[in-house]
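Reading through the structure tokens given below for one structure.
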Amino acid sequence: MIFGTVRRLREAGVLGLNERNNRYTLAYNPRYLYPLVDDKLRTKQLALKAGLSVPELYGVIEIEHQIKGIHEVLEGHREFVIKPAQGSGGDGVLVVAGRAKHMYRLVSGVIMDRSQLAHYASNILSGLFSLGGHPDRALIEYRVQFDPLFGAISFQGVPDIRIVVFQGFPVMAMVRLPTRLSDGKANLHQGAIGAGVDIATGRTLTAVWRNEVVTEHPDTGNPVTGLQIPHWDRLLGIAAQAYDLTGMGYVGVDIVLDRDKGPLLLELNARPGLNIQIANRAGLLPRLQLIERIAARPNTVEERVAFAKDHLAAP
């Protein structure tokens with residue numbers, strides 16, 4: 001039974017974890033480049049240097065001594081996000097949706113006082129949420145106001161678009177939609193929805209929630225398939241440019257759509273998850289192998305995007 005399942009997955013071109021690690025992550029992502037994507041502050045700096053839009057940075061807390069000044073940094077900002085520079089999977093992200101005198105109201109409705117917020121920042125610095133538990137920095141940045149398209153198909157948090165890029169070519173995409181189960185976070189392993197997106201058109205295809213195929217958002221009941229993602233060509237261009245920014249050959253690019261600022265590069269991931277294949281009901285392997293076989297490789301971002309749209313359209 002197990003061997004039969006493996007054979008069917010192989011025939012469908014599904015990329016497994018070991019093959020992703022050995023054949024693609026290790027082969028195309030040199031270890032010395034990992035800090036460029038594992039550290040969100042360095043990613044943000046690279047993006048800004050390349051002229052890409054990112055959520056505005058209000059401040060960085062690097063050492064414990066700076067925490068006592070955090071409330072001065074936040075002065076004038078009713079809404080903001082605090083997150084670890086080296087966090088992963090959405091862990092450690094604190095979203096503040098409003099203020100009342102000296103109190104902070106989280107997007108979940110929970111109220112934090114000044115000492116609690118300072119303690120949270122201290123936990124970030126201690127490495128509580130960072131990769132490997134190493135000492136970290138706390139980033140304070142603009143809270144994204146999501147595009148109106150997502151109002152009916154998202155719970156509390158901000159949806160994002162994940163695009164897997166291989167050697168500069170966008171090869172597969174999905175939009176990740178927060179749910180009540182995911183506590184408003186756009187992470188599939190925490191219970192968010194992943195809806196596959198057609199590379200050629202930017203329209204959502206099938207969707208997966210907790211490894212089950214769905215057509216509606218569990219909290220709102222609204223359809224999550226057949227939706228047109230705005231600014232699709234710009235999103236593909238940003239994703240393709242991530243290869244030029246970092247030199248990473250196999251990377252997940254996370255982009256958010258702000259209602260006023262448009263597409264913003266959120267972060268990069270050197271080990272993008274594989275559930276994107278379930279969301280698209282398609283395997284990554286044939287797409288990756290197609291890129292590997294290209295003899296005359298397009299060089300510009302525009303050429304790579306055009307190639308992806310021409311050759312990787314949904315059936």
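What the table below lists for this structure:
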{"quantity": "Search result, residues across the range 100-120 that are at negative phi and charged (D, E, K, R)", "calculated": "105, 113, 114"}
{"quantity": "Where a residue in the range 107-119 is without any contact (Cβ under 8 Å) to a residue 60 or more places away in the chain and its partner, wherever it lies, is aromatic (Phe, Trp, Tyr), with Cβ under 6 Å and at least six apart", "calculated": "112/104; 117/104"}
{"quantity": "Filter pass, residue 162 being surrounded by fewer than 19 Cβ atoms within 10 Å (Cβ to Cβ), outside any helix (DSSP H, G or I) and either touching a Lys or Arg at 6+ places or on another chain (Cβ under 8 Å) or acidic (Asp, Glu) (or both)", "calculated": "no"}
{"quantity": "Residues of the range 180-192 satisfying the condition of being under 17 Å from residue 276 (Cα atoms) and touching a residue at least 40 places away in the same chain (Cβ under 8 Å)", "calculated": "185, 186, 187, 188, 189, 190"}
{"quantity": "Among the candidates 55, 35, residue that is at pLDDT 90 or above, more than 18 Å from residue 240 (Cα to Cα) and assigned to a loop (DSSP other than H, G, I, E, B)", "calculated": "55"}
{"quantity": "Any chance residue 92 is in contact (Cβ under 8 Å) with a residue 24 or more places away in the chain and either in the same structural domain as residue 154 (by TED's automatic domain parsing) or closer than 20 Å to residue 268 by Cβ (or both)", "calculated": "yes"}
{"quantity": "Per-region count, the range 243-281, residues over 14 Å from the mean Cα position of the chain (by Cα) and within 22 Å of residue 190 (Cα to Cα)", "calculated": "5"}
{"quantity": "Residue count for the range 58-76, restricted to those that are touching a residue at least 60 places away in the same chain (Cβ under 8 Å) and assigned to a loop (DSSP other than H, G, I, E, B)", "calculated": "3"}
{"quantity": "Residues located in the range 20-51, provided they are of a type in the set (Asp, Glu) and either farther than 13 Å from residue 271 by Cβ or assigned by TED's automatic domain parsing to the domain that holds residue 90 (or both)", "calculated": "39"}
{"quantity": "Helices (runs of 4 or more DSSP H) wholly inside the range 222-311 containing at least 2 residues that are surrounded by fewer than 20 Cβ atoms within 10 Å (Cβ to Cβ)", "calculated": "232-246, 285-293, 301-311"}
{"quantity": "Criterion (closer than 15 Å to residue 161 by Cα, polar (S, T, N, Q) and modelled with pLDDT under 95) met by exactly one of 187, 211, 222", "calculated": "187"}
{"quantity": "Residues satisfying the stated conditions in the range 95-121, i.e. crowded, with 19+ Cβ neighbours inside 10 Å and either assigned by TED's automatic domain parsing to the domain that holds residue 268 or in a strand (DSSP E or B) (or both)", "calculated": "95, 96, 104"}
{"quantity": "Matching residues in the range 82-94 - criterion: being in a loop (DSSP other than H, G, I, E, B) and touching a helix residue (DSSP H, G or I) at 6+ places or on another chain (Cβ under 8 Å)", "calculated": "85, 86, 88, 89, 90, 92"}
{"quantity": "Which listed residue, of 190, 86, is over 18 Å from residue 219 (Cα atoms) and polar (S, T, N, Q)", "calculated": "86"}
{"quantity": "Residues located in the range 124-159, provided they are in a loop (DSSP other than H, G, I, E, B), over 20 Å from residue 265 (Cβ atoms) and not aliphatic (A, V, I, L, M)", "calculated": "127, 129, 134, 135, 136, 151, 155, 156"}
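The values are calculated or read from the model by the stated rules, or taken from the named source; none is laboratory data. Source: prediction; values computed, not measured. Positions of Cβ are generated from backbone atoms using ideal geometry, with glycine treated the same way; all protein chains shown enter the neighbour counts.
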